[in-house]
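Okay, structure first, notes after.
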Amino acid sequence: MPVETDKKKDLDYKTLLIIQEQLNHEILLYKKYLNYSHMCYDAELKNICYNSSQKHKKNFEKILSYLRE
């Protein structure tokens, strides 16, 4: 098993494109669900949309955090 001497990740171009696409999806879903939560009048549905938006925001932040390590 190779020993990692440097903390930098060696990601190839294709992997970076996939990660970028995932980041785009996460931020889009965050914005959509947040917008839906503002549009809803039903408190339960508003809460579901808001919680979903926060989940996707957290996913986005986790991916960025992984890339920054």
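The values are calculated or read from the model by the stated rules, or taken from the named source; none is laboratory data. Just so it is clear, the structure is predicted and the values come from calculations on it, not from any experiment. In this analysis, Cβ positions are derived from the backbone assuming ideal geometry, glycine residues included, and neighbour counts consider all displayed protein chains.
Of the residues LEU28, LEU16, the single one that is loosely packed, with under 14 Cβ neighbours inside 10 Å, among the aliphatic types (A, V, I, L, M), assigned to a helix (DSSP H, G or I) and modelled with pLDDT of 95 or more is LEU28.
Starting from residues that are closer than 20 Å to GLN20 by Cβ and of a type in the set (Phe, Trp, Tyr), keep the ones in segment 49-69 and report whichever is surrounded by the most Cβ atoms within 10 Å (Cβ to Cβ). Only one residue tops the list, namely PHE60. Within segment 46-69, residues that are in contact (Cβ under 8 Å) with a residue 60 or more places away in the chain sit with their Cβ atoms under 7 Å from residues that are of a type in the set (Lys, Arg) and loosely packed, with under 15 Cβ neighbours inside 10 Å, at 6+ positions apart or across chains, in these pairs: GLU69/LYS7.
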